[in-house]
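Data block below; observations after.
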Amino acid sequence: MNPTPASESPTAPEHLVVGGLGKTFRQGSVEVPALVDVGFRAGRGEFVAVMGASGSGKSTLLHLLGGLIEPTTGSVSIAGQDLGALDDRRLTLFRRRHLGLVFQAYNLVPTLTVEDNVQLPLLMERHGRLQPEKCAALLEMLGLATRRRHRPDQLSGGEQQRVAIARALIHDPSLLLADEPTGNLDSGNRERFCSRLQELAAAQRCTVVLATHDPVVAMWSDRVLLLRDGHLMAVLDRREFTSPAALGARFHELLDAATPSGAAP
Ligand SMILES: Nc1ncnc2c1ncn2[C@@H]1O[C@H](COP(=O)(O)OP(=O)(O)O)[C@@H](O)[C@H]1O
Ligand SMILES: [Mg+2]
């Protein structure tokens, strides 16, 4: 089942608004334009995949969306809030309330059980309270119900990854950013993970932006953004491709067709 279409809610298309977003990294005298003039919008509950080869700017885009690095140009607005207008303290608070992050390192605390790791973000709130029932429901949905009392070193890589997802969702974020979250999963777990993520996005009306180079994963999304050398080459609607192979072919076709200015030959 696909998440509720953004068009069903009048405010939905504005949940994530990205305009003219760019990031240039400086290494000594060398400038690396990691992201160049990227713009798109996503509604609540929408699942957007960001596809591109290694080095195309996927992680840079997700770090900018999460307010973890500052843009060189452009802006990111989440739930009507321009991230650039927030000072560090308010940005941290905003991030805690609105964002769920699943990045390549899971950052689980080795001495805590699965359920304590999942509820850790709640304890970091000033008036935070544990929510054992919600935690149990998330673990159940993610197929980790029997692992509640395990510690991270007693789990497989895929299970640790799912604990990180549960932790990212415990505080009902309105935007989940996931950077290649299926990198350590075999194909069976990858399918299960994508299907659960899609269900969770729909159930919690959480917008998902997921970076991947894998067409099988991108197939679960509502829309696919194609990045090449930091440029947004195309935005494909889910209806425009019928299989991972068709998406992969379309991707290569678009990448071959146009070389962005300034890109390596
Ligand atoms: N902190 C950084 N300093 C300098 N260059 C960086 C930094 N982070 C990323 N880059 C460069 O930006 C480009 C995009 O990187 P990245 O966003 O990590 O791509 P992807 O996630 O698609 O593999 C690459 O050329 C990378 O080398
Ligand atoms: Mg990356």
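Asp172 falls short on exactly one of the conditions (1) modelled with pLDDT of 90 or more; (2) surrounded by fewer than 17 Cβ atoms within 10 Å (Cβ to Cβ), and that condition is (1).
If you check Val217, Val209, Val224 for being at pLDDT 85 or above, not charged (D, E, K, R) and not in a strand (DSSP E or B), only one passes: Val217.
Do we have any residue at all in the range 165-187 that's part of a helix (DSSP H, G or I), under 23 Å from Phe241 (Cα atoms) and under 21 Å from the mean Cα position of the chain (by Cα)? Taking every residue of the range 165-187 in turn, at least one turns out to be part of a helix (DSSP H, G or I), under 23 Å from Phe241 (Cα atoms) and under 21 Å from the mean Cα position of the chain (by Cα). Inside the range 39-63, residues that are under 12 Å from the mean Cα position of the chain (by Cα), of a type outside the set (A, V, I, L, M, F, W, C) and either farther than 20 Å from Gly22 by Cβ or more than 9 Å from ligand 2 (Cβ to nearest atom) (or both) make up a count of 2. No other residue among Thr207, Thr212 is among the polar types (S, T, N, Q), crowded, with 20+ Cβ neighbours inside 10 Å, away from ligand 2 (no atom under 16 Å from the Cβ) and within 11 Å of the chain's Cα centre (by Cα) apart from Thr207.
Residues that are crowded, with 22+ Cβ neighbours inside 10 Å, more than 9 Å from ligand 1 (Cβ to nearest atom) and of a type in the set (Lys, Arg) within the range 15-64 comprise just one, Arg44.
Cβ separations smaller than 8 Å between residues 6+ apart or across chains give the following pairs from the range 30-45 residues that are free of Cβ contacts under 8 Å to residues at least 60 places away in the same chain to residues that are within 16 Å of ligand 2 (Cβ to nearest atom) and in a strand (DSSP E or B): Glu31/Phe25; Val32/Phe25.
Applying the criterion of at least 1 residues that are more than 25 Å from Val163 (Cα to Cα), modelled with pLDDT of 90 or more and over 21 Å from the mean Cα position of the chain (by Cα) to the helices (runs of 4 or more DSSP H) found wholly in the range 71-142 leaves 88-98. Would you confirm whether any residue within the range 146-155 is surrounded by fewer than 20 Cβ atoms within 10 Å (Cβ to Cβ), outside any helix (DSSP H, G or I), more than 16 Å from ligand 1 (Cβ to nearest atom) and not basic (Lys, Arg)? Yes; the residues of the range 146-155 include at least one that is surrounded by fewer than 20 Cβ atoms within 10 Å (Cβ to Cβ), outside any helix (DSSP H, G or I), more than 16 Å from ligand 1 (Cβ to nearest atom) and not basic (Lys, Arg).
Residue-wise test of (1) within 16 Å of ligand 1 (Cβ to nearest atom); (2) more than 28 Å from Leu122 (Cβ to Cβ); (3) of a type in the set (A, V, I, L, M, F, W, C).
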position: Gln161; (1), (2), (3): no, no, no
position: Ile165; (1), (2), (3): no, no, yes
position: Asp179; (1), (2), (3): yes, no, no
position: Gly188; (1), (2), (3): no, yes, no
position: Val216; (1), (2), (3): no, yes, yes
position: Asp222; (1), (2), (3): no, yes, no
position: Leu232; (1), (2), (3): yes, yes, yes
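Restricting attention to the range 69-102, which residues are within 16 Å of ligand 2 (Cβ to nearest atom) and within 23 Å of Gly43 (Cβ to Cβ)? Those that are within 16 Å of ligand 2 (Cβ to nearest atom) and within 23 Å of Gly43 (Cβ to Cβ): Leu101, Val102.
The values are calculated or read from the model by the stated rules, or taken from the named source; none is laboratory data. This structure is a prediction, so every number in the text was calculated from the model and none was measured. So basically every Cβ, Gly included, is an ideal-geometry build from the backbone, and we count neighbours across all protein chains shown.
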